[in-house]
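Novice: Attaching a single structure in structure tokens format; questions to follow.
The values are calculated or read from the model by the stated rules, or taken from the named source; none is laboratory data. A quick note: this is a predicted structure, and the numbers were derived from the prediction, not measured. Here Cβ is always computed from backbone atoms with ideal geometry, including for glycine, and neighbour counts include all displayed protein chains.
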Amino acid sequence: MARADWTYEVAPAGAPASGLEEYRVETTSGTHVGKVTVLLSRRDELLVAVERGTPPATHDVRVFPWRDVAAVDHAALRVRLNVSDEGIEQSLELDPDKGIEGEGADASRITELPRELRPSSSPAAPGPVDRPSTALALGLGLLGLFSLLVLAIAAITVEFDWEFVLFVVPLSLLVGAAVVAYRLFRDPYDSV
């Protein structure tokens, strides 16, 4: 693994994402690598900087030339690299101390995508959309809590013998809500 010896421009603190920034990055096998932090231009070469790990505990920023990008899916906010899982470890690492806010860096930040990379602006073009998984997780969770409350009230007011088996219903609803919420957190742009 080599580390870049040149400086690069980063987004100013609190600046909104632009271009491909914050897009999810995957390898050829579909393994989640990280997210695009910045699109850079250095010596007329387009570069994609990808942040891996969970900051601040563990993270690094790897950079890939644009020729390593296999596809950009604007609808799913996803960039697929034409790099294997092992190739990620062999890629060039950016030195976090060489990131510069503003101008003056060797590699400048691209805030507007080149024409060929822009998503279609036609009304029929797909784009990021809300998915029903958020509502499903919330609905299952609320239904589970409500049924748990009803059963708890019934258990207090009525003599329960075998009826305690009914607590499986709210438990399964709550487990279903947790599974949907986990999948939503793990893959925020994939459908359930």
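Novice: Within the range 92-104, which residues are modelled with pLDDT under 90 and either buried (at least 17 other Cβ atoms within 10 Å of the Cβ) or closer than 27 Å to Glu116 by Cβ (or both)?
Specialist: Gly99, Glu103
Novice: Quick test of your reading of the structure: Ser18 fulfils all but one of (1) touching a Ser or Thr at 6+ places or on another chain (Cβ under 6 Å); (2) modelled with pLDDT under 90; (3) farther than 16 Å from Leu117 by Cα. Name the failing condition by number.
Specialist: Just one mismatch for Ser18, condition (3).
Novice: Scan Ala15, Ala105 and give me the residue that is hydrophobic (A, V, I, L, M, F, W, C), touching a Phe, Trp or Tyr at 6+ places or on another chain (Cβ under 8 Å) and part of a loop (DSSP other than H, G, I, E, B). First the steps, then the outcome.
Specialist: Details: Ala15 fails: touching a Phe, Trp or Tyr at 6+ places or on another chain (Cβ under 8 Å).
One residue alone meets the criteria, Ala105.
Novice: Given the options Leu151, Leu174, Leu184, name the one that is surrounded by 15 or more Cβ atoms within 10 Å (Cβ to Cβ), in a helix (DSSP H, G or I) and at pLDDT below 80. Talk me through it step by step, then tell me what you get.
Specialist: Values: Leu151 fails: at pLDDT below 80; Leu174 fails: at pLDDT below 80.
Matching residue, one of Leu151, Leu174, Leu184: Leu184.
Novice: Which condition breaks for Lys35 when tested against (1) closer than 20 Å to Leu184 by Cα; (2) modelled with pLDDT under 80?
Specialist: (2)
Novice: Of Ala75, Ala13, Ala107, which residue is touching a residue at least 60 places away in the same chain (Cβ under 8 Å), exposed (fewer than 15 other Cβ atoms within 10 Å of the Cβ) and either touching a strand residue (DSSP E or B) at 6+ places or on another chain (Cβ under 6 Å) or hydrophobic (A, V, I, L, M, F, W, C) (or both)? Spell out the reasoning first.
Specialist: Numbers: Ala75 fails: touching a residue at least 60 places away in the same chain (Cβ under 8 Å); Ala107 fails: exposed (fewer than 15 other Cβ atoms within 10 Å of the Cβ).
Checking each option against the conditions leaves just Ala13.
Novice: Which one of these does Leu47 not meet: (1) outside any loop (DSSP other than H, G, I, E, B); (2) over 25 Å from Arg118 (Cβ atoms); (3) touching a residue at least 60 places away in the same chain (Cβ under 8 Å); (4) over 19 Å from the mean Cα position of the chain (by Cα)?
Specialist: Status for Leu47: all satisfied but (2).
Novice: Which condition number does Gly141 fail, the rest of (1) surrounded by fewer than 14 Cβ atoms within 10 Å (Cβ to Cβ); (2) at pLDDT 85 or above being met?
Specialist: (1)
Novice: Does Gly34 satisfy the condition of being of a type in the set (Gly, Ala, Ser), closer than 19 Å to Glu86 by Cβ and without any contact (Cβ under 8 Å) to a residue 40 or more places away in the chain? Let's see the steps before the verdict.
Specialist: Values: of a type in the set (Gly, Ala, Ser): yes; closer than 19 Å to Glu86 by Cβ: yes; without any contact (Cβ under 8 Å) to a residue 40 or more places away in the chain: yes.
Taking the combined requirement at face value, the residue satisfies it.
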